[in-house]
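Trainee: Here's a structure for you.
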Amino acid sequence: MKKRVAIVGAGVWGRTHAFLYKEHPEVELVGICDHDRERAKRFAEEFEIPNIFEDHRLMLDRLGFDAVSVVTPDFAHGGIVVDCANAGKDILVEKPIATTREDLIRISKAVKVNNIRVMTDLHNRWSPPFAVAKQMLDDGELGDPVSAYFRLNDVLWVATDMLPWSSKSSILWFLGSHSVDTLRWFFGDEVDSVYSVSSSGVLKNLGHDTTDIYQTILTFKNGGIATMENSWITPNTNPCVNDIKFNFTGSKGMVNLDLSNNQMIESFTQKECKHPDVLVNHFVHGKAKGFAYESIRHFIDCLATGDEFLINLDDAINTSLVVLSILESAEKRLPVKVEYFATD
């Protein structure tokens, strides 16, 4: 029997989830919820969804379904995830799972009490270059983890145009979540302490009250160290919406990734030069492709089979706890020890 699925959030990335649900043979997309009813209506028409709601709590009360995607602005995740867990729904939530310690604790309790399954879309683990490098590490080619450098930035357009709610968020939530999860994954370890500094001004001068950039040092419990950079003031002329550099050094070797300058495909017209995305999210013969889609497809596959998600609850919660510590460190200009809590 097909799994019945609903989506909360009819924005750009909500459409991404809908594409994957609509093409999967084991899923029936039955509901869309968005506070903007007209946007929800257009979304429902595009994806042939029979039920529209403006309040996720009404959808949980009135519509029978098995699982839900939470694709709202990041600061709104916490309460919605708790409500969905208490309603007994399996959940795919966009990163981060929540942005306050209080919500993380509430989610942990709700997931345990209701015995539901939850996955956070930390999709960098499906990126082919990162996955290949991680396999080299797992195979022993690089030895034991020693250090890493990860630069993951966005062009200015993301904060000024793509996200109308950027002033209510942070580049640490939007991209730093991916950075922290990737580093935790490579080191196979939890972050012990962080020290971060930040800079503001570029975006605030453009009317967006959010920090421009964070530079962070992470110390892992087993002794590994990493440097992490996250900003969203890279010039819009950058060939890729992301500015990505990654170095990982082990006791026997290292890997370097430069994913900022895609030259696998370039186009030149009288108007512009373009570097089309063929790695993150694109379509081939009408089907959604790219690693940002594969993570969602993984959730759907596991929903159908009952297999374990690659991203578990600890991954999601501990990643958010590290980001909260980075924000605190940047504000205080002091090192901060990450305070974890048990999720079982």
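The values are calculated or read from the model by the stated rules, or taken from the named source; none is laboratory data. This one's a predicted model, so the numbers in the text were calculated from it and none came from an experiment. Reconstructed Cβ throughout: ideal geometry from the backbone, glycine too, with neighbour counts over all protein chains shown. Accessible surface is based on the protein model in full, side chains and every heavy atom, while ligands, DNA and RNA are left aside. Shrake-Rupley method; radii C 1.70, N 1.55, O 1.52, S 1.80 Å.
Trainee: According to the Kirkwood expression over distinct Cα-Cα pairs, how big is the hydrodynamic radius of segment 39-84, in Å? Kindly include the intermediate steps, with their values, before the conclusion.
Mentor: Values: mean 1/r = 0.0853 Å⁻¹.
For segment 39-84, inverting the mean 1/r across all distinct Cα pairs yields 11.7 Å.
Trainee: Moving to a separate point now. Ignoring ligands, DNA and RNA, what percent of the accessible area of segment 46-93 is carbon or sulfur (1.4 Å)?
Mentor: Answer for segment 46-93 is 41 percent, counting heavy atoms of protein chains only.
Trainee: Here's a follow-up. Would segment 11-140 count as rounded, prolate or oblate if I go by the C-alpha gyration tensor, calling it rounded below 1.5 in a/c and otherwise prolate when a/b exceeds b/c, oblate otherwise? Each step should come with its number before you reach the end.
Mentor: Details: a/c = 1.94, a/b = 1.33, b/c = 1.46.
Because a/c hits 1.5 or more and a/b fails to exceed b/c, segment 11-140 counts as oblate.
Trainee: While we're looking at this one, here's another question. Using θ = phi - 60° and the Karplus form 6.51 cos²θ - 1.76 cosθ + 1.60, what ³J(HN,Hα) does each residue of segment 286-302 get, whole Hz, x for Gly and Pro?
Mentor: Running phi through 6.51 cos²θ - 1.76 cosθ + 1.60 with θ = phi - 60° gives x, 9, 5, 10, x, 5, 5, 8, 5, 5, 5, 4, 4, 4, 5, 4, 5 Hz.
Trainee: Separate question: In segment 147-282, if the dipole is taken from +1 on Lys/Arg beta carbons and -1 on Asp/Glu beta carbons about the Cα centre, which of T237, V197, N153 is farthest to the positive end?
Mentor: Farthest towards the positive pole: V197.
Trainee: Using amide H atoms built 1.01 Å from N in the peptide plane, name the residues 5+ places from R117, or on other chains, whose amide H lies under 5 Å from its own.
Mentor: Counting only residues 5 or more places away or on other chains, the set is D90, I91.
Trainee: OK, next. Classify the chain as rounded, prolate or oblate, taking a ≥ b ≥ c as the square roots of the eigenvalues of its Cα gyration tensor: rounded when a/c is under 1.5, otherwise prolate if a/b is larger than b/c and oblate if not.
Mentor: Working: a/c = 1.43, a/b = 1.25, b/c = 1.14.
Judged from the Cα gyration tensor, the chain comes out rounded (a/c under 1.5).
Trainee: I need the phi-derived Karplus couplings for segment 187-202: 6.51 cos²θ - 1.76 cosθ + 1.60, θ = phi - 60°, integer Hz, Gly and Pro marked x.
Mentor: Working through the residues one at a time gives 6, x, 7, 9, 6, 8, 8, 9, 9, 9, 10, 9, 9, 10, x, 4 Hz.
Trainee: Distance in nm between label sites at Q215 and E48, each 7 Å beyond Cα in the beta-carbon direction?
Mentor: The modelled label-to-label distance comes out at 5.4 nm.
Trainee: Also, I was wondering about something else. From the phi of every residue in segment 61-70, what ³J(HN,Hα) in whole Hz does the Karplus formula 6.51 cos²θ - 1.76 cosθ + 1.60 yield, where θ is phi - 60° and glycine or proline is x?
Mentor: 6, 10, 10, x, 7, 9, 8, 9, 9, 9
Trainee: Of all the accessible heavy-atom surface of segment 267-328, with the other protein chains kept in place and a 1.4 Å probe, what percent is carbon and sulfur? List each step's numbers first, then the result.
Mentor: Numbers: 1590 of 3060 Å².
Result for segment 267-328: 52 percent of the exposed heavy-atom area is carbon or sulfur.
Trainee: Hey, another quick one. Expressed in nm to one decimal, what extension gain is obtained for the pair S199 and D61 from 0.36 nm per residue of sequence separation less their Cα-Cα distance?
Mentor: Values: separation 138, 0.36 × 138 = 49.68 nm, distance 4.48 nm.
Gain in length upon complete extension: 45.2 nm.
Trainee: Shape call for segment 170-322 from the C-alpha gyration tensor, a ≥ b ≥ c root eigenvalues: rounded (a/c under 1.5), prolate (a/b greater than b/c) or oblate? Before the final figure, lay out the partial values.
Mentor: On the way: a/c = 1.61, a/b = 1.11, b/c = 1.44.
It is oblate, given that a/c is not under 1.5 and a/b is not larger than b/c.
Trainee: Now a separate question. Given a Förster distance of 25 angstrom, what is the FRET efficiency for Q263 paired with Y149, based on the Cβ-Cβ distance and rounded to 0.05?
Mentor: Details: r = 22 Å, r/R0 = 0.89.
In this case the efficiency is close to 0.65.
Trainee: Once you charge only the Cβ atoms, +1 for Lys and Arg and -1 for Asp and Glu, what is the size of the charge dipole of segment 215-344 about its Cα centre, to the nearest 20 debye? Display every interim value, and only then the final one.
Mentor: Values: 11 positive and 16 negative charges, 78 e Å.
For this selection, approximately 380 debye.
Trainee: Distance cut-off 32 Å, Cα to Cα: go down the list K204/K332; K22/K271; K3/K41 and report the pairs above it. Could you put the intermediate results ahead of the total?
Mentor: Details: K204/K332 20 Å; K22/K271 35 Å; K3/K41 22 Å.
Violating the 32 Å limit, Cα to Cα: K22/K271.
Trainee: Using a 1.4 angstrom probe, figure out how much accessible area the chain has per residue, in square angstrom, rounded to the nearest whole.
Mentor: On the way: 15570 Å² over 344 residues.
The answer is 45 Å² per residue.
Trainee: If the chain between K2 and R101 were fully stretched, how many nm would it gain, using 0.36 nm times the residue separation less the Cα-Cα distance? Don't skip to the end; give the middle numbers.
Mentor: Details: separation 99, 0.36 × 99 = 35.64 nm, distance 3.54 nm.
So the extension gain works out to 32.1 nm.
Trainee: Please list, or write none, the lysines whose alpha carbon is within less than 18 Å of the alpha carbon of K245, excluding same-chain residues fewer than 8 places away.
Mentor: Reachable lysines: K134.
Trainee: Any idea what the dipole of the chain comes to, in debye rounded to 20, about its Cα centre with Lys/Arg Cβ at +1 and Asp/Glu Cβ at -1? Write out the running numbers ahead of the final one.
Mentor: Details: 35 positive and 48 negative charges, 56 e Å.
About 260 debye.
Trainee: Describe numerically, in nm with one decimal, the distance between label points set 7 Å from Cα along Cα→Cβ at N247 and at K168.
Mentor: In this crude label model, N247 to K168 measures out at 3.9 nm.
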